[in-house]
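**Student:** One structure, pasted below without further comment.
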Amino acid sequence: MEASHFLQSRRSFAATLAHSRHAHEHNKLRHCSIAAVLTRPAENINIATGKSRTIIIPADVVTGAEEKSRVYNDNLFDRMAINHLSQNVQAATGLKNNKSGFESLAEAATAASRNFNPAKQRELVIQALDSAFPKPIFSPLRAILPQSKFAREYFAIFTTIFFAWLVGPCEVRESELDGRKEKNVVYIKKCRFLEETNCVGMCINMCKMPSQSFIKSSLGTPVNMVPNFDDMSCEMIFGQDPPELSNDPALKQPCFKLCKVNQRHNTNDCSK
């Protein structure tokens, strides 16, 4: 009698345990399904990770490049160079700001882009570069290094060492010039200036065009800067003449949807 009662109690307990496990697995599956529904369209979103949370951004409002900003640890030389160039840009434009570091330089460039037409922007940047890096500094270098393979490769190495504070991490790459291989290309992995300003027009009018002119007049060597607005990389090709303004592919690129200047830039308004 007692044995029969004991067996019945065991069967009841086993049935209750099985039911509990079934309910738990059902709830677990239900929660997984809900999570799957919420996260399924991963291919249609881009995720930018902040310090303490993850922000989901629709794919149609990003630039096409990586959304997570690089963190720069500027050393003393970097900070001095950035502030020096920023002060010269502010002096050339007459538009002052109270910011510091790269933020000050980006703000000075942004203010210029909002207050002057593209042609004037290029003129003011060249003026600022002439003040920041006086031609007498480059004259001996130009005399010692006339146009040659050695000079082009030297300028490429020089740029990667001394101007990473402006454009970000970069490296020397090889290309073919006049039928022979040369290490005359500076490949900028993700341009710091373009990433900070997020504006195609500012890249063209306040970096690419004036830099090409300044380098040619100061060093006597042509350089063609070829930005890639999909990933924010850029190539500086020493020894290659840039295309005419009206034929430059960069000027046919519309601005990013998240442009901080809130303008669109194309051939018509960038070449004025």
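The values are calculated or read from the model by the stated rules, or taken from the named source; none is laboratory data. What you see is a predicted model, and the numbers here were worked out from it, not measured in a lab. Quick reminder, even Gly has a Cβ in these numbers, built from the backbone with ideal geometry, and neighbours come from all protein chains shown. Accessible surface areas use protein heavy atoms only, side chains included; no ligands, DNA or RNA. Shrake-Rupley method; radii C 1.70, N 1.55, O 1.52, S 1.80 Å.
**Student:** Give the carbon-plus-sulfur fraction of the accessible surface of the stretch 175-245 in %, rounded to a whole number; probe 1.4 Å, heavy atoms of protein chains only.
**Tutor:** It is 44 percent, rounded to a whole number.
**Student:** List the pairs from K99/K189; K96/K190; K135/K208; K149/K216; K135/K190 whose alpha-carbon separation is above 24 Å, in the order I gave them.
**Tutor:** Details: K99/K189 26 Å; K96/K190 28 Å; K135/K208 19 Å; K149/K216 16 Å; K135/K190 29 Å.
Too far apart for the 24 Å limit: K99/K189; K96/K190; K135/K190.
**Student:** Let me ask something else. For the pair S139 and K96, what calculated FRET efficiency results from E = 1/(1 + (r/R0)^6), where r is the Cβ-Cβ distance and R0 = 30 Å, to the nearest 0.05?
**Tutor:** Result of the calculation: an efficiency of 0.45.
**Student:** Additional query: If one computes the Cα centroid of the stretch 201-262 and of the stretch 175-190, what distance in Å separates the two points?
**Tutor:** 16 Å
**Student:** Accessible area per residue of the stretch 108-255 at 1.4 Å probe, in Å²?
**Tutor:** Per residue, the stretch 108-255 has 44 Å² of solvent-accessible surface.
**Student:** Quick check: net charge around P242, other residues with Cβ under 11 Å of its Cβ, Lys/Arg +1 and Asp/Glu -1?
**Tutor:** That works out to -1.
**Student:** Here is a follow-up. Give, to the nearest whole percent, the P(r) tail of the stretch 60-203 beyond 19 angstrom, counting all Cα pairs.
**Tutor:** I get 61 percent for the Cα pairs in the stretch 60-203 exceeding 19 Å.
**Student:** Looking at the stretch 164-228, I'd like the Rg to Rh ratio, where Rg is from alpha-carbon atoms and Rh is Kirkwood's inverse mean 1/r.
**Tutor:** 0.99
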